[in-house]
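For reference, the structure is listed below as structure tokens.
Derivation of every value follows stated rules applied to the coordinates shown; laboratory data play no part. From a predicted model like this one, the values you see are computed outputs, not experimental measurements. Here Cβ is always computed from backbone atoms with ideal geometry, including for glycine, and neighbour counts include all displayed protein chains.
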Amino acid sequence: MHEQVDILTTRDFEPWKQALEEVGNYDFHHLPSYHRLAEMRGEGDAFMLVYRTADCLIVFPLLLKEINLPCSKLRGFKDATSVHGYAGPLCSKTHVSEDISNRFLRNIGDFYRSNNVVTAFTRLHPLFDQAFLLRGCGEITEIGVTVSIDLTQPPEEQRSRYRKSHRYEIERLRKKGFTCCEVGPERTDEFVRIYNQTMLDLKADDFYLYDRAYFDYLIGDMADVTHLFMCLDGDNVACVGLFATCQGIIQYHLAGTATRYRKLAPMKLLLDTVRDWGNEIDATTLHLGGGLGAKRDSLYEFKMGFGSVEHTYTAWRMVIDSAIYRELCHDAQSMIAEELDNTYFPIYRNPILHEKTS
């Protein structure tokens, strides 16, 4: 069987984008521009493996990052992971033969070994079937659930599925004079202020406290896919949301609510507005994500109130070099007194190690 394998970087912007176009089904998390943003944040070096046969194309974007444990003598090793969000491999077909799957995985394995990769991990996209591309290699574990609104249904049907309390509160906000609209990059300062204050109020992990360059890149350099919405109470900004559109999917990416408006829940009106906008641009799905850690918590319940469809959210993980992995885990454990959680993968990347040693 003739096969071709290419390894692209974010410098290969057009070939990367063209390969995604050939596959057909992809999301903004797969874009080279989004991977370039991950590189800017120090999350790793971005690559996309492109595997091609006569009638099949498989692409797999990933990040490679150096493993540098301060207490370990091991150097020169890396692990592979995915960008923040929903990534994973994509295929131009809904099914492939076992032979093609094995050949693709063999090439992935060769890439990992040639780059001294110890472990591999990628979050899979809840809206795509990707597991069949990874069968028989590593393991797929369930993280939790995410939810979405089906925009292929008639708009009146979409809204009729809202929880009664959601419909009531949306109408109450409208009667109070709240309005929602898409705004331009000139309002980035207000977005950043409200988003960051929300993260501080929620005591969110430091990972979610982005610097200004992150927002400028999303709203400026990725303006072809990102859209900034605001809910206004007169001249006051009640809440903000940054959404990304790609291949008919609208992703609810970042959001925040001004502290003084939190009890009124203006985000309900904003999401209703974005749903209407999604119908206007012929989008097929408004993906709202899940609760914190993809759990069925109060945030999940809020999102389910929009008559949402539920999706299983999974991740794929694999140990490529078990001997080196065991040694790294041993070195990581020696850094702290308490037992490390062995469900976190890879163990040596557990955030508690940074907290205890920083």
If neighbour count is taken as other Cβ atoms inside 10 Å, put H84, H311 in order from fewest to most.
H84, H311
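Given C-alpha coordinates of the range 47-180, what is the ratio Rg to Rh with the Kirkwood estimate of Rh?
1.16
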Once you have a ≥ b ≥ c as the square roots of the Cα gyration tensor eigenvalues for the range 27-91, tell me rounded if a/c is under 1.5, and otherwise prolate or oblate according to whether a/b is larger than b/c.
oblate
Specify the inter-centroid distance of the range 211-273 and the range 310-358, based on alpha-carbon positions, in whole Å.
34 Å
Setting aside same-chain residues fewer than 8 positions from K78, which lysines have a Cα under 19 Å from its Cα?
K65
Out of the trypsin sites (Lys or Arg not before Pro) in the range 15-73, which ones are loop residues according to DSSP with at most 10 other C-beta atoms within 10 Å?
K73
Quick calc, T152 & D321: beta-carbon distance into FRET formula, R0 51 Å, rounding 0.05, result 0.70
For the chain, with +1 on Lys and Arg beta carbons and -1 on Asp and Glu, the positive-most of V117, H29, H95 along the dipole:
H29
Name the residue, out of Y51, Y26, Y208, whose mean-square fluctuation peaks in a Gaussian network model built on the chain with Cα pairs under 10 Å.
Y208
Of the listed links K263/K295; K17/K203; K17/K295; K176/K303, those spanning more than 28 angstrom between alpha carbons are K17/K203; K17/K295
Once both label points are put 7 Å beyond Cα along the C-beta direction, the L202-Q18 separation in nm becomes 4.0 nm
Build a GNM of the chain with springs between Cα atoms under 10 Å: which of A315, A337, A54 gets the top mean-square fluctuation?
A337
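Take every Cα pair under 8 Å in the range 146-312 that's 6+ residues apart, average their separations, divide by the length, and report that relative contact order as a whole percent. It would help to have the intermediate numbers written out before the result.
Values: 268 pairs, mean separation 61.3, N = 167.
Relative contact order for the range 146-312 comes out at 37 percent.
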Checked the chain with the C-alpha gyration tensor, a ≥ b ≥ c its square-rooted eigenvalues, rounded below a/c of 1.5, otherwise prolate if a/b is larger than b/c and oblate if not; verdict prolate
Provide the convex hull volume over Cα atoms per residue for the range 146-312, in Å³.
116 Å³
Report ³J(HN,Hα) in whole Hz for each residue of the range 126-132, in order, from the Karplus equation J = 6.51 cos²θ - 1.76 cosθ + 1.60 where θ = phi - 60°; Gly and Pro get x.
x, 8, 10, 8, 10, 4, 5
222 nm mean residue ellipticity, helices alone, for the chain (DSSP H n ≥ 4; -39,500 (n - 2.57); rounded to 500)
-9500 deg cm²/dmol
Around T259 (Cβ within 13 Å, Cβ-to-Cβ, excluding T259; K/R +1, D/E -1) the net charge comes to +3
Which residue fluctuates the most in the chain, going by a Gaussian network model with Cα springs under 10 Å, if the choices are A223, A323, A46?
A323
